[in-house]
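What follows is a set of notes on a single structure, which appears directly below.
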Amino acid sequence: MRLANKKILLGVSGSIAAYKAPDLVRRLRAEGAEVEVVLTRAGAEFITALTLQAVSGRRVHARHLDPEDETVMGHIELARWADLVLIAPASAHLIAKLAAGLADDLLSTLCLASTAPLALAPAMNRAMWEHPATRVNVATLERRGVRLFGPGIGDQACGETGAGRMLEPEELTALTAGLFAAGPLRGVSVVVTAGPTREPIDPVRFVSNRSSGKMGYALADAAAAAGARVTLISGPVAQPLAAGVRRIEVATAEEMRRCALEQAGCDIFIAAAAVADHRPRYPAPRKLKKDAVPAALELERTPDIVGEVAALPAAPFMVGFAAETDDLARNAMAKLRAKGLDMVVANLVGREGTGFESDDNEVTLFWDGGKAELPRAPKRELGRDIIGYIAERYHAQGAAQDP
Ligand code: C5P
């Protein structure tokens with residue numbers, strides 16, 4: 001029972017995905033949660049209050065400032081009651097209202113009146129999800145600490161395929177339980193960079209490297225499992241994404257840099273990406289004919305992303321990677337100092353079965369005044385161990401800085 005005695009205010013807004021809400025209520029209750037349902041007017045076009053009442057075992061709140069409702073549990077009381085406000089499905093319209101801080105019906109009023117964490121499971125047509133207005137609204141809410149569960153990618157009720165599908169009740173229940181899980185990074189925001197970058201020669205050719213992104217994805221997964229809010233800034237890789245991790249896809253070092261700076265308000269920044277060190281100085285705007293490709297490409301250095309984030313005035317706890325061929329300790333400590341990092345994850349490259357594309361790795365962690373050697377293990381397992389050390393050092397540093 002992962003949600004024993006947790007009080008969840010479930011908002012159901014107007015989307016076809018509202019038909020999944022009764023299943024969600026049942027699953028949340030099966031995990032021990034108490035669920036009060038608030039149904040918006042548009043939500044009631046898709047699912048009846050009677051159905052939700054039957055599965056929640058409680059009267060459904062549907063009307064704003066309803067005299068009868070206010071005597072049972074007033075709207076402010078309801079807002080205070082909740083340990084979590086979860087809105088599933090969250091329509092584009094509702095997201096826009098929350099971003100603007102409107103309070104013109106019961107659900108939006110409760111969101112404004114409640115100090116409980118707010119989680120949204122968006123559900124809408126692909127084009128609506130991708131619309132610049134929705135992008136801005138979602139970004140605004142995320143900046144305020146609102147948690148986004150999904151949306152998923154796949155077939156939609158409208159016949160289209162893409163991002164906008166509400167996650168399944170089972171996934172939503174797991175993500176909700178994750179919010180209450182007592183991991184070492186609970187309430188901490190983590191950004192992970194992963195994968196290679198691609199530096200264009202022209203629109204179809206690029207310079208890159210063989211990074212698979214496995215280590216970065218394993219770290220993002222492990223950080224989420226430890227309770228963190230995770231944003232993964234990923235170069236082009238084909239890795240499965242763990243539930244609860246928000247991914248932003250980028251291609252070039254410059255895109256990764258811009259995105260990293262935007263996300264630098266996080267608590268912990270883990271630079272696991274194998275950023276291309278060089279890029280063509282003069283990428284061609286159009287595809288070059290075979291014979292027009294120069295025999296020698298003029299290259300320039302890419303920006304040092306981790307160094308730039310570490311140099312910010314309120315830099316997060318910074319973790320960088322170092323792949324060294326010799327003298328691991330000395331080179332790793334030099335990198336720690338040069339880039340202003342709090343921890344370096346170092347490995348000796350060139351060993352059979354570890355490193356770039358393999359499933360295993362073997363690393364040593366260095367920080368000011370300590371180190372830890374982690375023996376060869378699958379990257380997933382190693383990811384959990386590394387996150388364990390990062391959490392420990394992050395909290396130790398916070399404790400040292402607190403008066
Ligand atoms: O300097 P070096 O490439 O060895 O440093 C590796 C570390 O720096 C890794 O954490 C990598 O993600 C990060 N890095 C970066 N931007 C670059 C190059 C490396 O953030 N342009």
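Every number in this text was worked out from the coordinates using simple rules, so none of it is lab data. Keep in mind the model is a prediction, meaning the values are calculated, not measured. Don't worry about glycine lacking a Cβ; one is built from the backbone with ideal geometry, like all the others, and counts go over all protein chains shown.
Remark: GLU392, GLU171 ranked as GLU392, GLU171, counting other beta-carbon atoms within 10 Å and listing the fewest first. Hey, can you grab everything whose amide H is under 5 Å from the amide H of ARG247? Only 5+ residues off in sequence or another chain; H modelled, so Pro and N-termini drop out. Residues meeting the criterion, in which the H sits 1.01 Å from N, are LEU232.
Taking every alpha-carbon pair under 8 Å whose residues sit at least 6 apart, the chain reaches a relative contact order of 11 percent. Taking every Cα-Cα distance in the range 168-320 and sorting them into 5 Å bins from zero, the calculated P(r) comes out as 2, 10, 18, 18, 16, 13, 9, 6, 4, 3, 1, 0, 0 percent. How large is log10 I(q)/I(0) at q = 0.12 Å⁻¹ when the Debye formula is applied to the Cα atoms of the range 7-180, each weighted equally and without solvent? So the normalised log intensities work out to -0.48.
Considering only alpha-carbon pairs that sit under 8 angstrom and 6 or more positions apart, the relative contact order computed for the range 7-180 is 23 percent. With one equal scatterer per alpha carbon and no solvent term, the Debye-computed log10 I(q)/I(0) for the chain at 0.08, 0.14 1/Å reads -0.50, -1.20. For the chain, DSSP calls about 30 percent of its internal beta bridges antiparallel.
Annotation for the range 152-244: trypsin sites (Lys or Arg not before Pro) lying in DSSP loop with at most 10 further Cβ atoms inside 10 Å of their Cβ are ARG210. Can you figure out the FRET efficiency of LYS287 with ILE248, using R₀ = 22 Å and their beta-carbon distance, to the nearest 0.05? With R0 = 22 Å, the Cβ-Cβ based efficiency is 0.20. Tell me which DSSP H helices of the chain clear both cut-offs, 30 Å or more of axial length from alpha-carbon atoms and a mean Kyte-Doolittle hydropathy of at least -1.0. Within the chain the helices that satisfy the rule are 379-401.
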